[in-house]
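Comments concern the structure below.
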Amino acid sequence: MSVRKGIALFVGISLAVSGAVLASSADRFTVDLLLSAKPRGLFLVLVLMVAAWSVDALRFCALSRAADEHIGFRLGVELTFLNYFGSAITPMQSGGGPFQVYMLYRNDVPIGKGVAITLTRTLLTLFILGLVVPVAIVTTPEFLSGQHLMQGIFSYVVLFVVLTWTLVVLSLVRPQLVKRLGTALTLLLKRLGFVKPRAVLRTVRRINREIDNYGENFRLFFSTGKYHFAFAVFCSVLHLFLIFSVLPILIWSVSLPCHYAQALMAQALFLFVLYFVPTPGGSGVAEGGGAILFRLLVPWNMAGVMAIGWRFFTEYIAIGLGAFVALRLLGWGLADELLGAKKDA
């Protein structure tokens, strides 16, 4: 998928679903509550998000140090926004990784280490969410009770996560098996015309070398880099805490009662699902599903507004900044190449 097509789909789906959500939920009481909102609440949300982006950048720095590399805080910030942008324009939020690996490589971090760093960052988030989600289901079963669509999406996500972790574990304990899979994939791409015959051997050697580097860097995380890795885990927890604090403050800013623990559980469950939604950046599902879920926390006439407001502060702002960073550092052409898009897409 090209960058332009991804942006168009993300914006189009988000606007269409947001409009439908507001049309079906908002009323005159919604307007009254919004007009009486506390401005300091919105300011506090912005402060929380700036802190969240900074902590995410520190997490990149810590994981790089754990892999025996060193990147500056500025590059960590750029990687953070590139991840937001790349994730927003690709299905299942998969586009952030290629942008980040390329930027790390451009700053003298080997590809194998770049893959290990970016993958570990994502897996840390999923692991923490995976611990919180069962607690959310047990303590607040009403979030899924009667929500057949959410139940189906959640079951699909659990299956996908299990498969992902299986592949990660196999890549560490059975690297030879992964190498054989990489060779088979290369031969398949050759047969389909994506890899030239004279490049097959070079490609296979490169894949095998990077798999070795990837495994070695994971071992570094738990040996010489264990203290930096521990700090990255702390940053992951703090990053989610800051993001999860946005919704309660938005609810408080319109003078509605809010239970922080319930809001945290709802967001953990929902964010876990959004990682695996096939639309670009989870668009559509984030706005519509957020309204459905958040109505358990606020009246229906505010649920849509809260879902879109939550999405605006936690995603839209960073995606806009990420678009600026991506086009400044990569440009349209290179960004399309990194996403595997055709030149004429």
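The values are calculated or read from the model by the stated rules, or taken from the named source; none is laboratory data. The shown structure was predicted, so the numbers you read here are calculated from the model rather than taken from an experiment. Positions of Cβ are generated from backbone atoms using ideal geometry, with glycine treated the same way; all protein chains shown enter the neighbour counts.
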Practice task
With the condition kept exactly as written, say whether any residue in region 48-56 is modelled with pLDDT under 90 and in contact with a Ser or Thr (Cβ under 9 Å, 6 or more places away or on another chain).
Solution key: no
Exercise for the section: Go through the residues of region 259-268 one by one and say whether even a single one is within 14 Å of the chain's Cα centre (by Cα) and crowded, with 18+ Cβ neighbours inside 10 Å. Expected result: yes
Exercise for the section: Please give the number of the condition D336 fails out of (1) farther than 20 Å from L22 by Cα; (2) free of Cβ contacts under 8 Å to residues at least 60 places away in the same chain. Expected result: (2)
Fill in the blank from the handout: Flagged pairs (Cβ under 6 angstrom, 6 or more apart or on separate chains; first in region 306-318, at positive phi and in a helix (DSSP H, G or I); second crowded, with 21+ Cβ neighbours inside 10 Å and β-branched (V, I, T)) are none
Problem - Condition met for G322 (under 30 Å from V101 (Cα atoms) and either of a type in the set (D, E, K, R) or at pLDDT 90 or above (or both)) - result: yes
Handout entry: Candidate set: region 94-106, residues that are surrounded by fewer than 21 Cβ atoms within 10 Å (Cβ to Cβ) and at pLDDT below 90; chosen: the one farthest from G6 (Cα to Cα)
Key = P98
Practice task
Determine whether region 291-311 contains at least one residue that is of a type in the set (S, T, N, Q), within 20 Å of the chain's Cα centre (by Cα) and modelled with pLDDT of 85 or more.
Solution key: no
Handout entry: Only one of V277, V178, V200 that is outside any loop (DSSP other than H, G, I, E, B), surrounded by 18 or more Cβ atoms within 10 Å (Cβ to Cβ), of a type in the set (V, I, T) and modelled with pLDDT under 80
Key = V178
Exercise for the section: Within region 79-93, identify whether any single residue is assigned to a helix (DSSP H, G or I) and modelled with pLDDT under 85, and answer yes or no. Expected result: no
Problem - Residue within region 141-156 that is assigned to a helix (DSSP H, G or I), closer than 30 Å to G290 by Cα, more than 22 Å from the chain's Cα centre (by Cα) and at pLDDT 65 or above present - result: yes
Completion exercise
Counting only residues in region 268-277 that are of a type outside the set (A, V, I, L, M) and touching a Leu at 6+ places or on another chain (Cβ under 6 Å), the one farthest from L129 (Cα to Cα) is identified as F270
Exercise for the section: Return a yes/no flag: does region 58-76 have any residue that is modelled with pLDDT of 90 or more, assigned to a helix (DSSP H, G or I) and surrounded by fewer than 16 Cβ atoms within 10 Å (Cβ to Cβ). Expected result: yes
Problem - Residues located in region 26-51, provided they are among the β-branched types (V, I, T), surrounded by fewer than 16 Cβ atoms within 10 Å (Cβ to Cβ) and over 17 Å from V298 (Cα atoms) - result: V47, V50
